[in-house]
Amino acid sequence: MNELSEKAIITILSIVIVTLLGNIFKVNNLGLFYAAITCVIITNVDFDKLIESAKSRAIGTIVGGLIGVVFSYIAISFIIKLIIGEIIVIYFCEKKLKIPSAIGSVVFLIIMYRITPEAPYIYGFKRILDTFIGIIVTVSITYIGKKINLFK
């Protein structure tokens with residue numbers, strides 16, 4: 001099987017399983033969306049690259065989520081919070097952790113702009129959980145598929 005077909009199968013199976021699990025556990029569409037886009041973003045037919053991508057996605061989500069939650073409770077100008085928060089996310093991810101900062105920045109901004117009326121700490125926790133579910137499902141599908149030669 002070619003790589004494109006393998007990637008398509010992994011991605012689609014991951015999205016379907018995430019959606020089915022979400023429906024069983026009554027996860028709302030926003031949560032399903034974040035878990036599904038994690039499946040799409042990290043999917044790779046090379047298992048080592050998949051693990052690296054999954055690790056970066058998880059760490060970036062945690063960093064952006066934690067900084068977003070902390071900054072959402074600080075009583076200073078919103079613009080100042082955005083500037084300082086983004087500087088911290090970018091510096092911490094890129095320089096200290098050596099991972100791309102884009103995911104961390106996106107999660108930080110989602111929390112700061114309060115896409116939902118939920119408390120920031122609840123919303124941040126849910127986004128981290130959604131991301132980990134997408135990662136676990138995609139890594140599992142890829143691993144099992146390779147072990148049983150599903151992609152041959």
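Read-outs: derived from the displayed coordinates by stated rules, not from any lab. All figures in this text were calculated on a predicted structure; none of them were measured in a lab. Cβ placement follows ideal geometry from the backbone for every residue including glycine, while neighbour counts extend to all protein chains displayed.
Tabulated values for the structure
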| item | result |
| --- | --- |
| Counted charge near GLU6, where neighbours are those whose Cβ lies closer than 12 Å (Asp, Glu -1; Lys, Arg +1) | +1 |
| Cα principal axis extents for segment 9-62, largest first, Å | 32, 28, 13 |
| Reachable lysines, given that their alpha-carbon falls under 23 Å from the alpha-carbon of LYS152 and they are not under 8 places away in the same chain | LYS7, LYS49 |
| Check: segment 43-137 dipole with +1 on Lys, Arg Cβ and -1 on Asp, Glu Cβ, in debye | 160 debye |
| Span-rule helices in the chain, defined as complete DSSP H runs reaching 30 Å or more along the axis (Cα) with Kyte mean at least -1.0 | 3-24, 47-72, 120-147 |
| Structure-derived volume of the Cα convex hull per residue in Å³: which label, when the choices are (i) 107; (ii) 129; (iii) 98 | (iii) |
